[in-house]
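Take a look at the structure set out below.
FYI, it's all coordinate maths here, none of it is from the lab. In this text, all values refer to a predicted model and were calculated from it rather than measured experimentally. Virtual Cβ from ideal backbone geometry, glycine too; neighbours counted across all protein chains shown.
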Amino acid sequence: MILSDKRILEEIEAGNIIIEPFKKECLGTNSYDVHLGKYLACYKNRTLDAKLHNKIEHFEIPKDGFVLQPNTLYLGVTLEYTETHKQVPFLEGKSSTGRLGIDIHATAGKGDVGFCNTWTLEISATQPVKIYAGMPIGQLIYFEVKGDIANIYSTKGNAKYNTKTTKPVESMMWKNQF
């Protein structure tokens, strides 16, 4: 079950969902709009290796915008810091973003109960498109959980994305054993 706008507000008031900064006008019928933070990152190497720590370079989006190029993976970050303590958050693109040819996540749209951070975005574009810090970039949708939770993300010892950040975070696949 997806939470409605009224239920999202109730969960915020109860402290089960935290969105900072929170703006009521960003609350949709059953979602909350999030915005692009001021930092992007690109991998230093064009060829990535899943077993290695692939390094990234951060840069700030200029005030007059930045043109995304096709065939390049950009890591972005949401302006909003979020915490979700009882629901499963999903980050989806906005239709207006998609209609510009921008995809905001390659595969990682689902968060875990207990995720407390900004969201790193895996941004790609089908054609050159200019983007701006602070622009609406996606929407969070919250799903109810059935059953008790044994492993809250924020308390898992092997959680790879727990360090609070305002910048995009590179893949931590290299920390897995395979």
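Exactly one residue among Ala125, Ala106, Ala159, Ala150 is more than 23 Å from Pro21 (Cβ to Cβ) and touching a helix residue (DSSP H, G or I) at 6+ places or on another chain (Cβ under 7 Å), and that residue is Ala159. Counted as qualifying within the range 1-88 are the strands (runs of 3 or more DSSP E) with 2 or more residues that are over 28 Å from Val113 (Cβ atoms) and of a type in the set (A, V, I, L, M), namely 66-68.
For every residue, the table says whether it meets (1) within 15 Å of Phe66 (Cβ to Cβ); (2) not charged (D, E, K, R).
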| residue | (1), (2) |
| --- | --- |
| Ser95 | no, yes |
| Gly98 | no, yes |
| Asp103 | no, no |
| Ala106 | no, yes |
| Phe115 | no, yes |
| Lys130 | yes, no |
| Leu140 | no, yes |
| Val145 | no, yes |
| Asn151 | no, yes |
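Within the range 1-55, the set of residues being surrounded by 16 or more Cβ atoms within 10 Å (Cβ to Cβ), in contact with an Asp or Glu (Cβ under 6 Å, 6 or more places away or on another chain) and closer than 18 Å to Lys110 by Cα comprises Ile17, Ile19, Val34. Residues of the range 8-25 that are touching a residue at least 24 places away in the same chain (Cβ under 8 Å) and over 16 Å from the mean Cα position of the chain (by Cα): Ile8, Glu11, Gly15, Asn16.
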